[in-house]
Amino acid sequence: MTEQKLGKSEAAVWENIRISGQNMITVSLSNNPFENEVRYGLIMPDGKLRYVYGSGMCSHAFEVGSTGTYKIYVENVSSSSITVSGDYLYN
């Protein structure tokens, strides 16, 4: 479990996840205040960003189809500071 305070428009990269073959990576977050929105997702091995938006308690499963190192990406897209806590699961 990771927790971090993010200012307005601030982003963070969490965890390096080494995956071999086809898998799912589920990213689950909770942000406070709940009504503020975050953009979150994965930085792919080729550097491209795959993301979704959420607020409050949110979760999304990303399908990954190739071997490589993936990173969790979280960005505060709201107009005030937030505290984000989150975790991931892959299978």
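The values are calculated or read from the model by the stated rules, or taken from the named source; none is laboratory data. What you see is a predicted model; the values in this text were computed from it and never measured. A quick note on method: Cβ atoms are made from the backbone with ideal geometry, for glycine too, and the neighbour counts reach across all protein chains shown.
Data for the structure
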| read-out | value |
| --- | --- |
| Residue satisfying condition, being surrounded by fewer than 15 Cβ atoms within 10 Å (Cβ to Cβ) and at pLDDT below 90, within set S20, S9 | S20 |
| Residue count for segment 42-91, restricted to those that are assigned to a strand (DSSP E or B), polar (S, T, N, Q), touching a residue at least 40 places away in the same chain (Cβ under 8 Å) and farther than 16 Å from E15 by Cα | 2 |
| Enumeration of residues in segment 38-52 that are over 15 Å from I82 (Cα atoms) and within 10 Å of the chain's Cα centre (by Cα) | G41, L42, I43, R50, Y51, V52 |
| Subset tally (residues that are in contact (Cβ under 8 Å) with a residue 60 or more places away in the chain and either assigned to a loop (DSSP other than H, G, I, E, B) or touching a Cys at 6+ places or on another chain (Cβ under 8 Å) (or both)) for segment 16-41 | 1 |
| Breaking point among (1) crowded, with 17+ Cβ neighbours inside 10 Å; (2) modelled with pLDDT of 95 or more; (3) β-branched (V, I, T); (4) over 11 Å from the mean Cα position of the chain (by Cα), for V74 | (4) |
